[in-house]
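Asks: The structure follows.
Just so it is clear, none of the values below were taken in a lab; they were calculated from the coordinates. None of the values given here were measured: they were computed from a predicted structure. Cβ coordinates were reconstructed from backbone atoms using ideal geometry, including for glycine residues, and neighbour counts include every protein chain displayed.
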Amino acid sequence: MENNNLAAPCGMYCGMCRQYLALKKGLLEEKGLKLGCQGCRIRNKNCVFIRRDCSKLRKKEIEYCYECEEMPCNNLKKIDKIYIDRYSLSFIKNLRRIEEIGVKSWLQEQKELYTCPECGGEICIHDGECYDCGLKINPNIG
């Protein structure tokens, strides 16, 4: 489970998330957050966007949304549109990539994508910056 903890069922890479990085780097107060996150699967809570409304995920009938015959459902389409508009990132494309190459290879791709080219630190998609050196960057644009 630890190996895929940062691969959310919806196709989000948790290693680029503000909640995850702020907790990991001890920046909760600085970022104005009360709680952080250790990753989607460790947290095992109902996701606000997908899992809460998906009985197949709640009942653990599927591990990722791509395993569902209804993919992409309306909930996934909604969060996908938000992330495309705000961050140039598609969860649906991520899910198709996970299905194509497997979660282990996808996680390695994501780790490399969200590694700062300046310092080797970790990039937060939500803030568009490296949480180690402060470089302003969105790896999905360019």
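Asks: Cα atoms only: what Rg and Dmax, in Å, come out for region 84-142?
Replies: Expressed in Å, the Cα Rg and Dmax of region 84-142 come to 12.0, 33.
Asks: Could you tell me what a quarter of the Cα convex hull surface of region 46-128 works out to, in nm² with one decimal place?
Replies: Numbers: hull surface 24.5 nm².
That works out to 6.1 nm².
Asks: Could I ask something else about it? Quote the charge dipole size of the chain about the Cα centre in Debye, to the nearest 20; the model charges only the Cβ of Lys and Arg (+1) and of Asp and Glu (-1).
Replies: Result for the chain is approximately 560 debye, rounded to the nearest 20.
Asks: Something else: Ranked highest first by average number of other Cβ atoms within 10 Å, how do 120-128, 9-17, 29-37 line up?
Replies: On the way: 120-128: 18.3, 9-17: 23.4, 29-37: 12.3.
Top to bottom by mean Cβ count within 10 Å: 9-17, 120-128, 29-37.
Asks: Moving to a separate point now. Distance from the Cα centre of region 24-40 to that of region 65-136, in angstrom?
Replies: 19
Asks: Report, in cubic angstrom per residue, the convex hull volume of the C-alpha atoms of the chain. Show your work: numbers first, answer last.
Replies: Details: hull volume 15.7 nm³, N = 142.
It is 110 Å³ per residue.
Asks: Follow-up. I need the peptides 131-137, 75-81, 58-64, 92-98 ranked by packing, meaning the mean over residues of other C-beta atoms within 10 angstrom, with the highest value on top.
Replies: Highest-to-lowest ranking by the protection proxy: 92-98, 75-81, 131-137, 58-64.
Asks: Excluding residues fewer than 8 places away in the same chain, name every one of the lysines whose C-alpha is closer than 28 Å to that of Lys60.
Replies: In chain and number order, the partners are Lys24, Lys45, Lys77, Lys78, Lys81, Lys93, Lys104, Lys111.
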